[in-house]
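Enquirer: Got a structure for you, questions after.
The values are calculated or read from the model by the stated rules, or taken from the named source; none is laboratory data. All figures in this text were calculated on a predicted structure; none of them were measured in a lab. With ideal geometry, Cβ positions are generated from the backbone for all residues, glycine too; neighbour counts draw on all protein chains shown. Note: accessible area is taken over every heavy atom of the protein model, side chains too, but ligands, DNA and RNA are not part of it. Shrake-Rupley method; radii C 1.70, N 1.55, O 1.52, S 1.80 Å.
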Amino acid sequence: MDGAKVTVGRTAGLYAGAAVLRLALFTLFPGLPDLLTGRVEISTPVTSFKRLQEGLFLYNHNVSPYDGGVYHQAPLLLPLFSLLPSFSTLPILTYLLYIAVDLLSAGALLKIADSGEAGSSALFTSPRREKRWSGFIVAAVFLFNPFTIATCIGRSTSVFTTCAILHAIAKAVAGAPFSAMVALSFATYLSLYPLLLLPPLLLLCYDRRPPSSQKQPLLNFALSHIAVVLAVLSALLQMSYLMTGCSWEFLPSTYGVQLTLSDLTPNIGLWWYFFIEMFDSFRSFFLAVFWLHLSSYVGGLTLRIRRQPLVVLTLLLGIFAIFKPYPSISDASLFLAMVPLYRHLFPLMRYTFVIAAVIMYTTFLGPAFYHLWIYAGSGNANFFYAITLVWGLGLSLLVCDLTFAVLRDEWEVERPEMVGKEIRQI
């Protein structure tokens, strides 16, 4: 009992420290939120708080928020923020909302870590599973990650997607598949791309299903829970339809923008510069190629690492942080929050120093190169795009290195005589 009280006290202290830090940054540096909101590394056309304010202004004046061609986010965010006092007169409640969402995300991550799923799944048990960090440490890494803090201070709406994804995974490992599907539906409604997480999440739910569903075949289980996702998404879309005056115009303005990349605002992704240089006659073809490339990882990873669906979810989050149409450091912070779950695999990773150096290098040089291009006028778009390529390289190395460590761990279980021996690719 005393140990439980100490654990609860430590967790409460962690949450309080994270909340105080964020609140201090909000209040002691009043110009910082607007500065970070304008950064392309934090805000994208589909997550920007400034664009949300524009849509909210139109919504409050009984004008369609999608008329101006600026607002590209989910319609149901508007009534949520309209319940809050005006940001210009009383911003503290908006600050508290973003802080609360970060704490909820950390709570879900803590439950995922404490479940032990990363080291011991239903079909695979790592011999290194004892070498793991507690949920307290994993949550602390997330809450005090500079990328997470910057996203919160910049008030990007991607924090809601992050929260929904982490709760979907937490509910899956807790044996609550229905709640996991509902949470994933909300994430998909907000950002579209989380729908690609459905196959590995279904497998994770199936592996951790409650005893009452033990005899249910995988196909029946999958179909019933896919129906839940479709039903929740249909309900959310129907509510959006009614909220926008019985109009479906929000569909091309939210999901259509992500599918067609109609807004080419620079970001830390790989798509924007490529399609700026693209001839219109080839645009449709390469849009299909880019989306096919992004979605092609889902099936391969799900089948190859079937015994560890949580690993598949983690790797896909890393891939999305690199290759989705409008990525930001929020996507990277979500991926980096999941990596500490695999503390037992760190000794098998080969390029940790290089990965850390590349990510730190691009974190400091990215804003400098953007300044040279936009403000100083002494550079061009190639400056900023080059550093985003290096950023993508750093995250790609981390994804590949973690994949190698996972496969090496499985291989050593299958062939114990190879433990500790060097592997060379021929």
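Enquirer: Testing ARG283 on (1) over 21 Å from the mean Cα position of the chain (by Cα); (2) at pLDDT 95 or above, one condition comes back false. Which one is that?
Expert: (2)
Enquirer: Identify all residues within the stretch 142-166 that are farther than 16 Å from THR94 by Cβ, under 12 Å from the mean Cα position of the chain (by Cα) and not hydrophobic (A, V, I, L, M, F, W, C); write none if there are none.
Expert: Result: THR148, THR161, THR162.
Enquirer: Still on this structure, please answer the following. Quick one: what pairs do we get from the stretch 55-66, first residue touching a residue at least 12 places away in the same chain (Cβ under 8 Å), second outside any loop (DSSP other than H, G, I, E, B) and of a type outside the set (A, V, I, L, M), C-beta under 7 Å, 6+ apart or different chains?
Expert: Pairs found: LEU56/PHE81; LEU56/SER82; TYR59/SER82; ASN60/SER82; PRO65/GLY55; PRO65/TYR59; TYR66/PHE250; TYR66/SER253.
Enquirer: Taking TYR59, is it within 26 Å of LEU233 (Cβ to Cβ), in contact with a helix residue (DSSP H, G or I) (Cβ under 9 Å, 6 or more places away or on another chain), hydroxyl-bearing (Ser, Thr, Tyr) and open to solvent by 60 Å² or more (accessible area, probe 1.4 Å)?
Expert: Numbers: within 26 Å of LEU233 (Cβ to Cβ): yes; in contact with a helix residue (DSSP H, G or I) (Cβ under 9 Å, 6 or more places away or on another chain): yes; hydroxyl-bearing (Ser, Thr, Tyr): yes; open to solvent by 60 Å² or more (accessible area, probe 1.4 Å): yes.
Answer is yes for this residue.
Enquirer: Quick check, is TYR370 in contact with a Lys or Arg (Cβ under 9 Å, 6 or more places away or on another chain) and either assigned to a helix (DSSP H, G or I) or on the phi > 0 side of the Ramachandran plot (or both)?
Expert: Values: in contact with a Lys or Arg (Cβ under 9 Å, 6 or more places away or on another chain): yes; either assigned to a helix (DSSP H, G or I) or on the phi > 0 side of the Ramachandran plot (or both): yes.
Yes: the conditions hold for TYR370.
Enquirer: Tell me, which helices (runs of 4 or more DSSP H) wholly within the stretch 78-168 include 1 or more residues that are under 28 Å from ARG51 (Cβ atoms) and in contact with a Cys (Cβ under 7 Å, 6 or more places away or on another chain)?
Expert: On the way: elements: 92-115, 135-143, 146-153.
Qualifying helices (runs of 4 or more DSSP H): 92-115.
Enquirer: Of the conditions (1) in contact with a Lys or Arg (Cβ under 6 Å, 6 or more places away or on another chain); (2) hydrophobic (A, V, I, L, M, F, W, C); (3) closer than 23 Å to VAL312 by Cβ, LEU195 clears all except one; give me its number.
Expert: Exception for LEU195: condition (1).
Enquirer: Only residues that are assigned to a helix (DSSP H, G or I), surrounded by fewer than 21 Cβ atoms within 10 Å (Cβ to Cβ) and in contact (Cβ under 8 Å) with a residue 12 or more places away in the chain: list them for the stretch 34-45, please. Explain how you work it out, then say what you get.
Expert: Within the stretch 34-45, the subset assigned to a helix (DSSP H, G or I) is 34-37.
Retained after the next criterion (residues that are surrounded by fewer than 21 Cβ atoms within 10 Å (Cβ to Cβ)): 34-35, 37.
Matches in the stretch 34-45: THR37 only.
Enquirer: Can you name the residue in the stretch 88-112 that is small (Gly, Ala, Ser) and either closer than 17 Å to VAL406 by Cα or free of Cβ contacts under 8 Å to residues at least 24 places away in the same chain (or both) and is also surrounded by the most Cβ atoms within 10 Å (Cβ to Cβ) among such residues?
Expert: Step one: filter the stretch 88-112 for residues small (Gly, Ala, Ser), giving 88, 100, 105-108.
Next, only the ones that are either closer than 17 Å to VAL406 by Cα or free of Cβ contacts under 8 Å to residues at least 24 places away in the same chain (or both) stay: 88, 100.
Values: SER88: 7, ALA100: 13.
It comes out as ALA100.
Enquirer: A further question on this structure: Looking only at residues in the stretch 412-426 that are in a helix (DSSP H, G or I) and touching a helix residue (DSSP H, G or I) at 6+ places or on another chain (Cβ under 7 Å), which one is modelled with the lowest pLDDT? Walk me through how you get there before you give the answer.
Expert: Going residue by residue through the stretch 412-426, those that are in a helix (DSSP H, G or I) are 412-414, 416-418.
From what's left, touching a helix residue (DSSP H, G or I) at 6+ places or on another chain (Cβ under 7 Å): 412, 418.
Numbers: GLU412: 88, MET418: 73.
The residue in question is MET418.
Enquirer: I'm trying to understand the selection: among the residues of the stretch 300-310, which are in a helix (DSSP H, G or I) and open to solvent by 40 Å² or more (accessible area, probe 1.4 Å)? Show your work before the answer.
Expert: Keep residues of the stretch 300-310 that are in a helix (DSSP H, G or I), which gives 300-304, 309-310.
Residues satisfying the conditions are GLY300, LEU303, ARG304.
Enquirer: Further question on the same structure: When the stretch 233-278 is examined, which residues are found to be surrounded by fewer than 18 Cβ atoms within 10 Å (Cβ to Cβ), in a loop (DSSP other than H, G, I, E, B) and not aromatic (Phe, Trp, Tyr)?
Expert: Within the stretch 233-278, GLY245, CYS246, SER247, GLU249, SER262, LEU264, THR265, GLU277, MET278 meet the criteria.
Enquirer: Go through the stretch 116-134 and give me each residue that's open to solvent by less than 40 Å² (accessible area, probe 1.4 Å) and touching a residue at least 40 places away in the same chain (Cβ under 8 Å).
Expert: The answer is GLU117, ALA118, GLY119, SER121, PHE124, SER126.
Enquirer: Still on this model: If TRP291 passes every condition in (1) touching a Lys or Arg at 6+ places or on another chain (Cβ under 7 Å); (2) open to solvent by 10 Å² or more (accessible area, probe 1.4 Å) but one, which one does it miss?
Expert: Only one criterion is unmet by TRP291, namely (1).
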